[in-house]
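Report on one structure; see the data block that follows.
The values are calculated or read from the model by the stated rules, or taken from the named source; none is laboratory data. This structure is a prediction, so every number in the text was calculated from the model and none was measured. Here the Cβ positions follow ideal geometry from the backbone for every residue, glycine too, while neighbour counts run over all protein chains shown. When the accessible area is computed, the model is the full protein with side chains, heavy atoms only, and any ligands, DNA or RNA have been set aside. Shrake-Rupley method; radii C 1.70, N 1.55, O 1.52, S 1.80 Å.
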Amino acid sequence: MKHFEANFDGLVGPTHNYAGLSFGNVASLSNAAAVSNPRAAAKQGLQKAKALADMGMVQGMLAPQERPDLHTLRRIGFTGTDAEVLNKAAKQAPALLRACCSASSMWTANAATVSPSADCRDGKLHFTPANLVDKLHRSIEPITTGNILAATFNDEKHFSHHQHLPEHASFGDEGAANHTRLCREYGETGVELFVYGQEATNPSAPKPKKYPARQTLEASQAIARLHQLDDDNTVYISQNPDVIDQGVFHNDVIAVGNQNVLFYHEQAFLNTQNKLSEIKQKFGDSPLHFIEVPTNKVGIQDAVKSYLFNTQIITLPSGEMAIIAPTNCQENEAVHAYLQEVVTLGTPIKQVHYFDVKQSMQNGGGPACLRLRVAMNDTEVAAVNQHTLMNDVLFSELNNWVDKHYRDRLSVEDLADPQVLIESRTALDELTQLMQLGSVYQFQK
Ligand SMILES: N=C(N)NCCC[C@H](NC(=O)CCC(=O)O)C(=O)O
């Protein structure tokens, strides 16, 4: 049986915009009210996904969400026709309208936590959509995320889909952005690392002072229980609250792992040496590479600006590992120098490939934010909805679909335009046919 780590990238939705919605995410706040280009954003994402498919990787796409979210606007009391609801919300509560229009589901690293079948006691691949309760605009994602995941991984024999965790700050859950899996071969049992920013039930535990810690230990433990993971293969690590206060709002902004490589900044975690020993002990005897980047080579500000750690580390069919980095890393002197050095360190990482995902980066979403990793064997890959998998045909269909439906300019003022809603629904309705997803959106029910 063959095993792969597939990447499922989020297709950027038609309302991609810069609304400054994410306190604690430096890029989101500093680009607030900039004019976006949804068409370019979607195409940048598709280019990256296609390039990985062309490298021989299993690559899928996850559909975006319905935005503006009229269902939520009605739920909070705006009434009338669709146009009236948008108009009233724009006049009475513009901040709430903006929260209901974000294309933030594109960052599928936050869609769910995924545990491959080799790690789970029942031998199934488990998914738990993230509740994303820390941010209003993201807290409205999980139900549709669950629908899209179920339509993509649509075989109960292999895939187990859980409900998102209770919608309370005690269970703040941001999905795979705070979860990494180390393993020898993808099909062997691995060690799942859960990184959290605070302990909800222990007020004296460390937590950030300025920015929110979006993930709690309690949420991570709940996911491990739901996914039937063994304690022997699970490690909980506290994120360093000082780096959260410097803009590291998810662990994947400061650390990333793949197979037997953990690539992280010296300041990423608390209690680092003890935690590395625990990982080593649980990982077993085979070689494990801890690539620690020291502050004197790359400072936290450079890491946050360039997204050095929001890179994807992938294993190519040749067995070599490659880093998939945003072009922003090339533009930062210290980070570029480090990436030139990393391929010479005698670790499995031998290549670096750069991609322009600037439309997403301006909202704090790098290459790794744009993808959800799903390690699968070939039987499981065959059980996935095949119309979601990237190949020449899907690439050209999706590019044509974007050309047909997406604007190349969108400002926050445009979000109240009923025409944007019509365009978005028309596009998504067509997309569900193209990807054979069935009726995953509220407007289709
Ligand atoms: N690190 C990972 N895995 N994901 C990045 C998510 C970025 C997203 N930005 C936003 O939601 C900004 C939207 C706006 O401001 O318009 C967030 O902060 O949740």
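Here are some notes:
- The requirement of being closer than 30 Å to A33 by Cα, at pLDDT 95 or above and open to solvent by less than 50 Å² (accessible area, probe 1.4 Å) is satisfied by N399.
- Residue in segment 13-51 that is nearest to the ligand (Cβ to nearest atom), counting only those that are basic (K, R) and open to solvent by 40 Å² or more (accessible area, probe 1.4 Å): R39
- On the stretch given as segment 59-80, residues that are more than 16 Å from the ligand (Cβ to nearest atom) and over 17 Å from the mean Cα position of the chain (by Cα) total 11.
- Criterion violated by G438 - all others in (1) open to solvent by less than 10 Å² (accessible area, probe 1.4 Å); (2) small (G, A, S); (3) at positive phi satisfied: (1)
- Residues that are in contact (Cβ under 8 Å) with a residue 24 or more places away in the chain and within 14 Å of Y406 (Cβ to Cβ) within segment 422-442 comprise E423, S424, R425, A427, L428, E430, L431, listed in sequence order.
- Restricting segment 301-322 to residues that are touching a residue at least 60 places away in the same chain (Cβ under 8 Å) and touching a Leu at 6+ places or on another chain (Cβ under 9 Å), the residue that is farthest from D252 (Cα to Cα) is A322.
- The residue of segment 367-391 that is surrounded by the fewest Cβ atoms within 10 Å (Cβ to Cβ), among those that are charged (D, E, K, R) and within 16 Å of the ligand (Cβ to nearest atom), is R373.
- Applying a threshold of 6 Å to beta carbon distances and a minimum spacing of six or more residues, or different chains, the list of pairs starting in segment 332-356 at a residue that is of a type in the set (D, E, K, R) and ending at one that is assigned to a loop (DSSP other than H, G, I, E, B) reads K350/E320; K350/V343.
- Any hit, segment 345-366, residues being open to solvent by 20 Å² or more (accessible area, probe 1.4 Å), farther than 30 Å from A34 by Cα and among the basic types (K, R): yes
Listed here are the residues, each with its yes/no results for (1) over 22 Å from the mean Cα position of the chain (by Cα); (2) farther than 18 Å from P166 by Cα.
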residue	(1), (2)
P203	yes, yes
K209	yes, yes
P212	no, yes
S220	no, no
A224	no, no
D231	yes, yes
P241	no, yes
N260	no, yes
F263	no, yes
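- For A89: the one exception among (1) among the aliphatic types (A, V, I, L, M); (2) surrounded by fewer than 17 Cβ atoms within 10 Å (Cβ to Cβ); (3) more than 12 Å from the ligand (Cβ to nearest atom): (2)
- Within segment 96-110, the set of residues being in a loop (DSSP other than H, G, I, E, B), open to solvent by less than 10 Å² (accessible area, probe 1.4 Å) and either farther than 20 Å from H71 by Cα or without any contact (Cβ under 8 Å) to a residue 60 or more places away in the chain (or both) comprises C100 only.
- The listed residue being touching an Asp or Glu at 6+ places or on another chain (Cβ under 8 Å), closer than 25 Å to L370 by Cα, open to solvent by 10 Å² or more (accessible area, probe 1.4 Å) and of a type outside the set (D, E), out of T295, T315: T315
- Strands (runs of 3 or more DSSP E) fully within segment 118-234 counting 1 or more residues that are under 27 Å from L434 (Cα atoms), open to solvent by less than 20 Å² (accessible area, probe 1.4 Å) and in contact (Cβ under 8 Å) with a residue 24 or more places away in the chain: 125-129, 159-161
- None of D242, D252 is modelled with pLDDT of 95 or more, in a helix (DSSP H, G or I) and within 15 Å of the ligand (Cβ to nearest atom) except D252.
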